[in-house]
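Read through the structure below, which is laid out as structure tokens, and then see the notes.
Please treat every number below as a calculation from the coordinates, not as lab data. Everything numeric here is computed off the predicted structure, so don't read it as measured data. Ideal geometry is used to build each Cβ from the backbone, glycine not excepted, and the neighbour counts take in all protein chains shown.
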Amino acid sequence: MSEFIYLDNGATSFPKPEEVYTTMDTFYRNYGVNPGRSGYELAVEAGAVIDDTRKNLTGFFNGTDPSHLCFSYNSTDALNLVIFGMLRPGDHVISTTLEHNSVLRPLYHLSQDGVDVDYVPFDGAGFVDPDDVRKMFKPNTRLVIINHASNVIGTIQPIREIGQYCREAGIPFAIDASQSAGTIPIDMEEQFLDIVVFTGHKSLLGPVGIGGLYVRDGVEIRHTRVGGSGILSALRTHVDEYPYRLESGTINTVGVAGLQAGLKWVLKEGTEKIHTHEMKLACMLRDGLSEIPGVTLYCVEDLENHIAVISFNIEGMEAEDVGAMIDLDHDIACRTGLHCAPLVHDQLDTTEIRGAVRFSIGPFNTEEHTLAAIEAVRETADFAKQL
Ligand SMILES: Cc1ncc(COP(=O)(O)O)c(C=O)c1O
């Protein structure tokens, strides 16, 4: 059997840097107590890891105040906190057709309750035009929430331009950085961001079960979840200050420790180096796949503004069957279907054919992996011709 090749890093990065595994093991064995709620030494040490990671992530996004870095379980959780905490019936919100269901579904549920939602489509190359966003501003627009890098077509959206328009209009601007944080620079100040939502287990190379958001000073998100915060226990209501406002219950401390180790690895390597490596392989993949008769690629013309996510179909085969052959015959992991982003597939006209096949490259992939993936698709396309 050939070597197993993992090209599903868009779903979750795998493997993790060795330091992530060892840090989590050491942390949980030595400091696996409840942090911040007691004065004994181990609790203080566990709390220090959380505080340090808030600082590290705040610096990473060029935020100003680590207490505005709130932890959640993952992006979906943080996006729910933002969307349900900022919108009320009668409000207007602008999003895009690039969004993941973690944005689409909260918005859909709110639209049933009287929130007015507009979705800006992407153009043929996979980009949202900032002017199209601006044209949708209304007096009651309370939020613009945009996917930074698509988990289906890989395009990176012009968030700085969109952010500038939002700032001028006084509309809070949030980005879903699930696919970008850890590989594409994100800067609260320079890109006019009000809220950055991230997940720990993708390009930040941490474990599952930890994510969060950074909220710019002055941006109000109501708490939609309340409970213990470890401080001010006599209060009958939930603590109002960030980060407690958006956090309740015991934080996933071992997840935070793993995330911190992942972030440290990213910082040691440098996002630019990681992105350059991944995009070199993505270019190879795009060029190789585009030469195979019967293969259709989506939005790969401009790889300048792209993450290493490439989606395609083979004429005459369903994506799921292509994925199964690539897995069973070649031991390569990819992702097929609608990728939790149904509006992208509606726009690409791939819903009827049940989505697409996605390869997503990570920092530990190699040229050999990429060549093997091209070869696997070539053989599958040859097979499809005989059907
Ligand atoms: C663009 C985007 N947003 C949100 C999510 C949800 O991330 P999580 O599963 O960490 O909540 C994903 C996961 O694939 C994603 O790709």
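For segment 161-273, just say rounded, prolate or oblate: build the C-alpha gyration tensor, square-root its eigenvalues into a ≥ b ≥ c, call rounded for a/c under 1.5, and beyond that prolate if a/b exceeds b/c, oblate if not. Note, shape of segment 161-273 comes out oblate. Label zone of Asp131 (point 7 Å out along Cα→Cβ, amide N under 20 Å): in segment 149-185 this covers 157-169. Does the chain come out rounded, prolate or oblate by the C-alpha gyration tensor, with a ≥ b ≥ c the root eigenvalues, rounded set by a/c under 1.5 and, if not, prolate when a/b is larger than b/c and oblate if not? The shape class here is oblate.
Of Lys55/Lys264; Lys16/Lys55; Lys55/Lys138; Lys202/Lys385, which ones are farther than 24 Å apart at the Cα? Checking Cα-Cα distances, Lys55/Lys138; Lys202/Lys385 exceed 24 Å. With a cut-off of 14 Å between beta carbons, the residues surrounding Ser13 carry a summed charge of -2, where Lys and Arg count +1 and Asp and Glu -1.
The alpha-carbon of Lys135 sits under 14 angstrom from the alpha-carbons of these aspartates and glutamates, leaving out residues fewer than 8 places away in its chain: Asp118, Glu161, Glu168.
With N as its number of residues, segment 69-211 has a Cα radius of gyration that, divided by 2.2 N^0.38 Å, comes to 0.97. In order along segment 177-189, phi translates into HN-Hα couplings of 9, 3, 8, 9, 4, x, 10, 10, x, 10, 9, 3, 6 Hz, rounded to whole numbers, per the Karplus curve 6.51 cos²θ - 1.76 cosθ + 1.60 with θ = phi - 60° and x for Gly and Pro. Anyone know which of Asp77, Asp116, Asp302 comes out most mobile in the 10 Å Cα GNM of the chain? Of Asp77, Asp116, Asp302, the most mobile in the Gaussian network model is Asp302.
Taking the Cα centre of segment 1-123 as origin and assigning +1 to Lys and Arg Cβ atoms and -1 to Asp and Glu Cβ atoms, the resulting dipole is close to 320 debye.
Got a sec? Which residues in segment 264-294 would a label at Asp52 touch, if it sits 7 Å along Cα→Cβ and we count backbone N under 20 Å? Once the point is set 7 Å along Cα→Cβ of Asp52, 264-270 turn out to lie under 20 Å by backbone N, inside segment 264-294. Summing Cβ point charges (Lys, Arg +1; Asp, Glu -1) relative to the Cα centre of segment 66-125 gives a dipole of roughly 180 debye.
Here the gap between Val208 and Asp187, fully extended at 0.36 nm per residue and compared with their Cα-Cα distance, gives a gain of 5.2 nm.
Between Glu318 and Asp331, the modelled label-to-label distance comes to 2.8 nm, taking each label 7 Å out from Cα in the direction of the beta carbon.
Taken about its Cα centre, segment 1-49 carries a charge dipole of roughly 240 debye when the Cβ of each Lys and Arg holds +1 and the Cβ of each Asp and Glu holds -1.
Residue exposure proxy: Val295, Val20, ordered by other Cβ atoms within 10 angstrom of their Cβ from fewest to most, comes out as Val295, Val20.
Charged neighbours of His275, selected by a Cβ distance under 14 Å, balance to -1 (K, R count +1; D, E count -1). Compare the Cα positions of Ser248, Val215, Asn313 along the charge dipole of segment 213-359 (+1 at Cβ of Lys, Arg; -1 at Cβ of Asp, Glu; about the Cα centre) and return the one farthest towards the positive end. Projecting each Cα onto the dipole axis, the largest value belongs to Ser248.
Ordering Ala46, Ile361, His148 by Cα displacement along the dipole of the chain toward the positive end leaves Ala46 in first place; charges were set at the Cβ atoms of Lys, Arg (+1) and Asp, Glu (-1).
Dividing the helix sum by the residues of the chain, where each DSSP H run of 4 or more adds -39500 (n - 2.57), gives a mean residue ellipticity at 222 nm of -12500 deg cm²/dmol.
Peptides 264-277, 347-360 ordered by packing proxy, namely the average of other Cβ atoms within 10 Å per residue, highest first: 347-360, 264-277. Taking the longest Cα principal axis of the chain as reference, the axis of helix 41-60 is set at about 60 degrees. Could you work out the local net charge near Ile310, counting Lys and Arg as +1, Asp and Glu as -1, over the other residues with Cβ closer than 9 Å to its Cβ? Summing Lys/Arg as +1 and Asp/Glu as -1 gives +2. Among rounded, prolate and oblate, which fits segment 14-101 when a ≥ b ≥ c are the square roots of the eigenvalues of its C-alpha gyration tensor, a/c under 1.5 means rounded, and a/b larger than b/c means prolate? Taking the square roots of the gyration eigenvalues as a ≥ b ≥ c, segment 14-101 is prolate.
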